[in-house]
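A short worksheet on the structure shown next.
The values are calculated or read from the model by the stated rules, or taken from the named source; none is laboratory data. Please read these numbers as outputs of a predicted model, since none were measured by experiment. For neighbour counting, all protein chains shown are included, and Cβ atoms are generated from backbone atoms with ideal geometry for every residue, glycine included.
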Amino acid sequence: MSEKDNLHLAEQAIAALNARDLDRYLKLLDNAYIGESELSPHQLQGPDAARQMLEGYFKAFPDLHFETEQVLTSGDYIVVRARMSGTHKGNFMGIAPTNKTIQSHGCNVIEVRNGKIVRNRLYSDNAKLFQQLGVLSMPKTQAAG
C-alpha cells in the first residue's frame, strides 16, 4: 500500500473508534491480527479479542475520544501519536468508577499487509493515566540547582 493509503487507513481507524463503530473498525483488521499493550497480560489474537478489549475501554470510559496528533507512514508501517480523553464511569482494570476525567497520550505502531492491520503495538503513558484515576502516586521531583 502507498503511504497515502496507510494514512487513510489510520484516519479510518480513529474515525471508527470515535464513532463507536466497532464493526467498521474491525473490518480494518486482518483475521490474523495481533494486538499488544502494557495493560494486556497477553497478546490479543484476532478481531474478536480486539472487540472485547475495546468494549471494555468504552464501558469504562463511555465518552472516550481519540485525537490524532501525528501520523508517520513508512512502507508497511504506520505510527500514530494520539491523545485520548474521557471520563471514568465504569470498572477499568479492577478500578471502580471514579468519575474523574483523564487525558493521556499514546503511540501506536501498526503493521499493514494487503490493506489490513496485522499487528498493533500500543505504547501509552499509563503512569499518568493511573495518577489521574487516583490509584498511583508519584514522588514530586525537585529542580536541580
Got a number for residues in segment 53-106 being among the charged types (D, E, K, R), outside any loop (DSSP other than H, G, I, E, B) and surrounded by 13 or more Cβ atoms within 10 Å (Cβ to Cβ)? 3
Quick check on this structure: which one of 9, 54, 72, 28 is of a type outside the set (D, E, K, R), within 24 Å of residue 94 (Cα to Cα) and at pLDDT 95 or above? 54
Being more than 18 Å from residue 10 (Cβ to Cβ) and touching a strand residue (DSSP E or B) at 6+ places or on another chain (Cβ under 6 Å), is that true of even one residue in segment 64-80? no
If residue 138 satisfies every condition in (1) loosely packed, with under 14 Cβ neighbours inside 10 Å; (2) part of a strand (DSSP E or B) but one, which is the exception? (2)
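Considering each residue of segment 31-45, count those that are surrounded by fewer than 17 Cβ atoms within 10 Å (Cβ to Cβ) and closer than 24 Å to residue 93 by Cα, and give that number. Before the answer, list the steps.
Here is the first cut: in segment 31-45, the ones surrounded by fewer than 17 Cβ atoms within 10 Å (Cβ to Cβ) are 31-32, 36, 38-43, 45.
Still in the list and also closer than 24 Å to residue 93 by Cα: 36, 38-43, 45.
Total meeting the criteria: 8.
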Could you say whether any residue in segment 25-40 is touching a residue at least 24 places away in the same chain (Cβ under 8 Å) and assigned to a helix (DSSP H, G or I)? yes
Segment 1-19, residues that are hydrophobic (A, V, I, L, M, F, W, C), surrounded by 17 or more Cβ atoms within 10 Å (Cβ to Cβ) and part of a helix (DSSP H, G or I): 9, 10, 13, 14, 16, 17
What are the residues in segment 22-49 that are over 15 Å from the mean Cα position of the chain (by Cα) and under 22 Å from residue 62 (Cβ atoms), if any? 23, 24, 48
Please work out if residue 22 is within 18 Å of residue 118 (Cα to Cα), touching a Leu at 6+ places or on another chain (Cβ under 7 Å), modelled with pLDDT of 95 or more and surrounded by fewer than 18 Cβ atoms within 10 Å (Cβ to Cβ). yes
I'm trying to understand the selection: among the residues of segment 41-52, which are touching a residue at least 12 places away in the same chain (Cβ under 8 Å) and assigned to a loop (DSSP other than H, G, I, E, B)? 46
